[in-house]
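This report concerns only the one structure given below.
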Amino acid sequence: MRIVNHPILTFPQQDMVTFTLNGQKIEGVAGEPIAAALHAADIKVLRHSHERHRPRGLFCAIGNCSSCLMTVDGIPNIRVCIEPLRAGMVVETQEGKGKII
Amino acid sequence: MITTEILVIGAGPAGLMAAIHAAEAGARVLLVERADRLGGQLIKQTHKFFGSKAEFAGERGMDIAEKLINWSSDVSGITIWKNAVVLGIYPDGVVTISHEGAFCTARPKKIIIATGASEKTMAFPNNDLPGIYGAGAVQTLMNVHGVLPAKRILMIGAGNIGVIVAYQLLQAGVEVAGIVEAAPQVGGYRVHAAKLQRHGVPIYTSHSIQLAHGDSCLEGVTISKLDEKWQPIAGSEQYIAVDGLCLAVGLSPLTELLWQAGCEMKFAGELGGYVPLRDANMKTTHENIYVAGDVSGVEEASAAMVEGKLAGLYVASVLGHKKDSFTKEFQTAKSQLAALRSGPASVKICTGLSKVVLEEVG
């Protein structure tokens, strides 16, 4: 969900772009972190851990903790908390370490 | 190879102030920031700061960030690189940097490390469930990007960050189910805690989280009361249904570059973990490396700004850029820092500092 009214902050309407998550079309704000767009669409499971396949989500939001690694445009281990969203991105929930080759 | 007099690593409150003051004294500065914007964590602080006028008291953190960013772009002598990650500091003085994805090398005469801190987590079953965030992540999502982290959140930790972020959650329209604090009293500013109580947010002192529940995402948590030895009291468990849990349990300094460069480090729990030994001029045990801000011990952003100013002024002076007003400005900054650390809330910080601040050199 996005904040509409806030006593201090204003969030002007911004350009929306379309991307896909596991093939499903989702809209987000161009340039915002992919994780923010996913949260706005109420999607919180970003990957599954490599040993016990536990769901993992966003934790630090500043590119520090590696909790939010996803596969973006075929490249695994992208920190989606700091990766800016662009139109047409193909985002996938990452399983384990991701396919490197 | 890029040559510069001073390399400042990190453009949060400490790094910006260091770069500005060094450049104003006449030094050439390269300021590198790993994020795609400047300001560090100030940009998500919607609350007004305390302190004195010199540290922008009464202004919101995000407005202070804007002032510092504008100031840094107005000063000649600062080159600013965003999306620039420092990879290594080598024994011959070469620093390797990934800038906009390109590999670069620099050879600065002096380095000021102002890399800040990262959030701590807590050990409890299921602490990795999606929906469990660091307090800073919650601020980034809602205050920078305008996205709500959850509908109903429980806050862990009633220190300054806990009470401030809990209030910011209310402002953003999130229901705050309560604040859980292991200590018998609220550690954060009373003014913020009082605001929360006026909004009917329960503060569970002498309580801690026992475990989180949920299959793919957080659905609730179990908290229990602690006895005077901080052990959970059997039978006191209570379940709170929430889709968000916010951990405000402290920060640890981001010291990787200092370790790598061989600076002598010491553990000071009061300052968040391992921090570099340094003198009162912010110089580490490495001849050319200085520190400022949370990387040298976690404190408020106000202290980080003053430390940045001290480091910037001092390093510039070492390189021969000494303003006429140097002595006065430097002493004033030192007094400001002492004043910031004079309150009862700073006793812990001062204990930590007494372990890591070396005798003043020179």
### Task
Within the range A:79-101, work out how many residues are among the β-branched types (Val, Ile, Thr), in contact with a Gly (Cβ under 9 Å, 6 or more places away or on another chain) and not in a loop (DSSP other than H, G, I, E, B).
1
### Query
Of the residues in the range B:28-86, how many are free of Cβ contacts under 8 Å to residues at least 24 places away in the same chain, within 14 Å of chain A (Cβ to nearest Cβ) and part of a loop (DSSP other than H, G, I, E, B)?
1
### Query
Is there a residue being open to solvent by 20 Å² or more (accessible area, probe 1.4 Å), within 7 Å of chain B (Cβ to nearest Cβ) and free of Cβ contacts under 8 Å to residues at least 40 places away in the same chain anywhere in the range A:11-29?
yes
### Query
Looking at B:Val180, B:Val201, which is the one that is more than 28 Å from A:Thr10 (Cα to Cα), of a type in the set (A, V, I, L, M) and buried (at least 17 other Cβ atoms within 10 Å of the Cβ)?
B:Val180
### Query
How about the range B:107-222: which helices (runs of 4 or more DSSP H) wholly inside it have at least 3 residues that are modelled with pLDDT of 95 or more and more than 30 Å from B:Leu31 (Cβ to Cβ)?
B:160-172
### Message
Going residue by residue through the range A:70-83, is there one that turns out to be facing chain B (nearest Cβ under 8 Å) and open to solvent by 20 Å² or more (accessible area, probe 1.4 Å)?
### Response
yes
### Query
Could we say that A:Arg2 is within 12 Å of another protein chain (Cβ to nearest Cβ), in contact with a Ser or Thr (Cβ under 6 Å, 6 or more places away or on another chain), open to solvent by 50 Å² or more (accessible area, probe 1.4 Å) and without any contact (Cβ under 8 Å) to a residue 40 or more places away in the chain here?
no
### Message
Quick check on the range A:60-69. Is at least one of its residues among the hydrophobic types (A, V, I, L, M, F, W, C), more than 21 Å from B:Ala35 (Cα to Cα) and within 9 Å of chain B (Cβ to nearest Cβ)?
### Response
no
#### Entry: Unmet criterion (only one of (1) open to solvent by less than 30 Å² (accessible area, probe 1.4 Å); (2) part of a loop (DSSP other than H, G, I, E, B)) for A:Ala36
(2)
### Task
Give the range A:37-85 a look and list any residue that's touching a helix residue (DSSP H, G or I) at 6+ places or on another chain (Cβ under 8 Å), free of Cβ contacts under 8 Å to residues at least 24 places away in the same chain and not β-branched (Val, Ile, Thr), or say none.
A:His39, A:Lys44, A:Leu58, A:Phe59, A:Cys60
### Query
Does B:Leu16 qualify as being under 26 Å from B:Ala135 (Cβ atoms), touching a strand residue (DSSP E or B) at 6+ places or on another chain (Cβ under 8 Å) and touching a residue at least 12 places away in the same chain (Cβ under 8 Å)?
yes
### Query
Restricting to the range B:119-163, what's the tally of residues that are within 13 Å of another protein chain (Cβ to nearest Cβ), surrounded by fewer than 24 Cβ atoms within 10 Å (Cβ to Cβ) and among the aliphatic types (A, V, I, L, M)?
4
### Message
Among the residues of the range B:276-293, are any within 21 Å of the chain's Cα centre (by Cα) and of a type in the set (Lys, Arg)?
### Response
yes
### Query
With respect to A:Leu58, is the statement that it is surrounded by 16 or more Cβ atoms within 10 Å (Cβ to Cβ), touching a strand residue (DSSP E or B) at 6+ places or on another chain (Cβ under 9 Å) and part of a loop (DSSP other than H, G, I, E, B) true?
yes
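The values are calculated or read from the model by the stated rules, or taken from the named source; none is laboratory data. Small disclaimer: the values here were computed from a predicted structure and weren't measured. No Cβ is skipped: glycine too gets one built from the backbone with ideal geometry, and neighbour counts run over all protein chains shown. Areas reflect the complete protein model, heavy atoms only, side chains present, ligands, DNA and RNA absent. Shrake-Rupley method; radii C 1.70, N 1.55, O 1.52, S 1.80 Å.
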